[in-house]
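For reference, the structure discussed in these notes is given below.
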Amino acid sequence: MSETEVDALVVGAGFAGLYALHRLRGLGLKAKALEAGAGVGGTWYWNRYPGARCDVESLEYSYQFSEALQQDWEWTERYAAQPEILRYLEHVAERFGLKPDIELSTRVQSAHFDEAARRWRLHTSRGADYSARWLVMATGCLSRPNKPTLPGLDRYLGRVLHTGEWPHEGVDFSGQSVGVVGTGSSGIQCIPEIAQQAARLYVFQRTPTYSVPANNGPLDPQLQRRVKAEYPAFRARSNAQAGAAQFDPGETSALAVDEAERNRVYDERWARGGLPFMLAFSDLFTDAEANATAAAYVRGKIREIVADPQTAERLSPRHTFACKRLCADTGYYATFNRPNVTLVDVGADPIQTLTPEGLQTASRTFRFDSLVFATGFDAMTGALLAIDVRGRGGRPLADAWAAGPRTYLGLATAGFPNLFMVSGPGSPSVLSNMVASIEQHVNWIADCIGAMAATGAQAIEAQPEAQEAWVDEVNAIAGATLYPSCNSWYLGANVPGKTRVFMPYAGGFPAYRQRCDDVAAQGYAGFRIDRDRTLERKEA
Ligand code: NA7
């Protein structure tokens, strides 16, 4: 099969890939997106499990690049459920005429940099080859499912599901006995839903989870009208916050107020619902004693909600509050008051093996018809490293990142010219409102490619010194927080054998964006730009 030559290739057609394709085409480039799914939507295409919902508010978790789009689209709930977000992304793909340039059901298997031609050559699962000068990896931070390799899994005769690869036709658990492994965001969302349908539900919990009520509901039409009346100003307020969302960070230390005042603040945030709870005070992420007050408050709530004291105790986390991502739920803890739900503490009584009928822990045997893995993702690097990416000198990305990901600004990596990552490791990404971070990255990348194309440059590459300095800065910022203190996916600790490095940039979205803008304004400081006259002549 012959190679399809374009100017730019985008890998992925979720929030990042769709907007990247839109921007690159807007530069007058010939661009294509290659997408593994049979439809657009990325994360929101794959994660169709019952209860799947965003925990950033709809009015913020949406594109801001088009005023007409943000005026026209009507969100129905405070926190949109997966089907609504997927409809939104399908609308975006249609509205901006992106579909003709998206190859669906096309998984990129390899991406090799051809140094002589300064082009990326990609091979796909459909056997097709593509080449492009510019390569934008919009492969997602949470897109490669983490599937535990439990002994005996191949002998289990029931149905095995992963929340991140949920069947499109849905699953009917009526009358079934179901086992769920995992109690992170996906688990806490699907467990209450499955509990309502299944005859019996076993929740296999390795680590208890801090969760606050989402307090979801229909989106107040008046609020939506008010926001739309001043959407650009509303977005500016969001973008000025560390997480690129209006979480209204508290300005006082949790230790500067007495217990009654502290509880008043926590009560208020708990009633408001959602992730702003974690910013109730200024030092919850930096001071262990302050953090412990939030942890104790949530444990108190669990004891209030859960009737059986022993179950409440097992559900109560002991690790640093919010150093694994905080969850926002709808009736999660209360689900354990249902007579058909059993909590199994596999932290204390580990899973030994699966059996044909269910599973065995050290002390008990369980039987169930279906097993749901809500076990998360090989986060931030998983999807990138699943592709055989090779840069200059044929060096594999897996080799360059053997000691953990190394990037400059989370946008590029030395030795891999013209390859850009959207929300890559070393950028705020998962510590921020993803859509805002994605747009900021795509805008930066598109502006950079536009600037290169305008000056006839064929290659731009992060310089090792700039990259090392950035990696050090990212590590230093993380080291000043409590984040490294528990086994989170931010650190890669959820995937056996993965190098333990805190991957996202924890310095906040505004500071990060300023840094990226400064680098661009200084003529792409820290990058080397190549203009090869020989190539120019060939292309003319
Ligand atoms: P998470 O947050 O990584 O949660 C995965 C859960 O699965 C967590 O409770 C894990 O326990 C558990 N897990 C993983 N492997 C195992 C094994 N082998 N045995 C038992 N339990 C296991 O993934 P989610 O999909 O819920 O959420 C990911 C992000 O998506 C979320 O943070 C939001 O940003 C959106 P552990 O804590 O590792 O002991």
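Couple of notes before you dig in:
- Boolean, E165 is within 21 Å of the chain's Cα centre (by Cα), touching a residue at least 12 places away in the same chain (Cβ under 8 Å) and open to solvent by 60 Å² or more (accessible area, probe 1.4 Å): yes
- Enumeration of residues in region 187-226 that are in contact with a helix residue (DSSP H, G or I) (Cβ under 8 Å, 6 or more places away or on another chain) and farther than 25 Å from L279 by Cβ: C190, I191, P192, A195, L201, V203, Q205
- Among the residues making up region 144-198, those that are part of a strand (DSSP E or B) and more than 14 Å from the ligand (Cβ to nearest atom) are R159, S174, S177, V178, A198.
- Unmet criterion (only one of (1) surrounded by 15 or more Cβ atoms within 10 Å (Cβ to Cβ); (2) more than 22 Å from P192 (Cα to Cα)) for E289: (1)
- Residue that is surrounded by fewer than 16 Cβ atoms within 10 Å (Cβ to Cβ), of a type in the set (S, T, Y) and farther than 30 Å from L150 by Cα, where the choices are T455, T499: T455
- So E313, is it more than 13 Å from the ligand (Cβ to nearest atom) and in contact with a strand residue (DSSP E or B) (Cβ under 7 Å, 6 or more places away or on another chain): no
- Near pairs, Cβ below 6 angstrom, 6+ apart or cross-chain, from region 239-251 (on the phi > 0 side of the Ramachandran plot) to any residue that is part of a loop (DSSP other than H, G, I, E, B) and buried (at least 17 other Cβ atoms within 10 Å of the Cβ): A244/S432; A244/N433
- Within the set Q360, Q310, the sole residue that is in a strand (DSSP E or B) and not hydroxyl-bearing (S, T, Y) turns out to be Q360.
- Tabulated pairs, region 421-432, first part of a loop (DSSP other than H, G, I, E, B), second polar (S, T, N, Q), C-beta under 7 angstrom, 6+ apart or interchain: S423/S429; S423/S437; G424/T407; P425/T381; P425/T407; G426/T407; S427/S437; P428/S437
- Flag for Y88 being within 16 Å of the ligand (Cβ to nearest atom) and open to solvent by less than 10 Å² (accessible area, probe 1.4 Å): no
- Filtering region 97-121 to residues that are hydrophobic (A, V, I, L, M, F, W, C) and either part of a helix (DSSP H, G or I) or surrounded by fewer than 19 Cβ atoms within 10 Å (Cβ to Cβ) (or both) leaves L104, A116, A117.
- Single unsatisfied condition, Y79 versus (1) surrounded by 16 or more Cβ atoms within 10 Å (Cβ to Cβ); (2) touching a helix residue (DSSP H, G or I) at 6+ places or on another chain (Cβ under 8 Å): (2)
- Qualifying residue in region 346-354 (condition: in contact with a helix residue (DSSP H, G or I) (Cβ under 8 Å, 6 or more places away or on another chain), within 16 Å of the ligand (Cβ to nearest atom) and open to solvent by less than 40 Å² (accessible area, probe 1.4 Å)): yes
- Residue match in region 125-137 (condition: open to solvent by 60 Å² or more (accessible area, probe 1.4 Å) and modelled with pLDDT under 95): no
- Residue within region 40-49 that is modelled with pLDDT of 95 or more, among the aliphatic types (A, V, I, L, M) and either open to solvent by 40 Å² or more (accessible area, probe 1.4 Å) or more than 16 Å from the ligand (Cβ to nearest atom) (or both) present: yes
- In region 425-453, residue farthest from the ligand (Cβ to nearest atom) [restricted to those that are of a type in the set (G, A, S) and over 19 Å from the mean Cα position of the chain (by Cα)]: A453
- Of all residues in region 377-391, none satisfies the criterion of being buried (at least 24 other Cβ atoms within 10 Å of the Cβ), more than 22 Å from K324 (Cβ to Cβ) and either within 16 Å of the ligand (Cβ to nearest atom) or not aliphatic (A, V, I, L, M) (or both).
- Any hit, region 464-471, residues being in a strand (DSSP E or B) and either in contact with a Gly (Cβ under 9 Å, 6 or more places away or on another chain) or buried (at least 22 other Cβ atoms within 10 Å of the Cβ) (or both): no
- Checking the stated criteria, L9 turns out to be open to solvent by less than 40 Å² (accessible area, probe 1.4 Å) and away from the ligand (no atom under 16 Å from the Cβ).
- Matching entry among N263, N216 (being open to solvent by 10 Å² or more (accessible area, probe 1.4 Å), touching a strand residue (DSSP E or B) at 6+ places or on another chain (Cβ under 9 Å) and under 30 Å from T335 (Cβ atoms)): N216
- From A31, A93, A20, A52, residue being over 23 Å from G164 (Cβ atoms), in contact (Cβ under 8 Å) with a residue 12 or more places away in the chain and in contact with a helix residue (DSSP H, G or I) (Cβ under 7 Å, 6 or more places away or on another chain): A31
- Residue check for R364: within 16 Å of the ligand (Cβ to nearest atom), farther than 28 Å from D7 by Cβ and basic (K, R): yes
- Tally of residues being within 16 Å of the ligand (Cβ to nearest atom) and not aromatic (F, W, Y) across region 199-233: 11
- Candidates A271, A236, filtered to the one that is within 28 Å of C486 (Cα to Cα), over 22 Å from the mean Cα position of the chain (by Cα) and either more than 14 Å from the ligand (Cβ to nearest atom) or not in a helix (DSSP H, G or I) (or both): A271
- Residue in region 529-536 that is out of contact with any Asp or Glu (no Cβ under 9 Å at 6 or more places or on another chain) and either in a loop (DSSP other than H, G, I, E, B) or within 28 Å of A240 (Cβ to Cβ) (or both) present: yes
- Answer residue from region 316-338, given it is among the basic types (K, R) and within 15 Å of the ligand (Cβ to nearest atom) and is most open to solvent (accessible area, probe 1.4 Å) among those: R318
The values are calculated or read from the model by the stated rules, or taken from the named source; none is laboratory data. Remember, it's a predicted structure, so these values are computed and weren't measured experimentally. Glycine also receives a Cβ, built like all others from the backbone with ideal geometry; neighbour counts cover every protein chain displayed. Heavy atoms of the whole protein, side chains included, go into the accessibility calculation; ligands, DNA and RNA do not. Shrake-Rupley method; radii C 1.70, N 1.55, O 1.52, S 1.80 Å.
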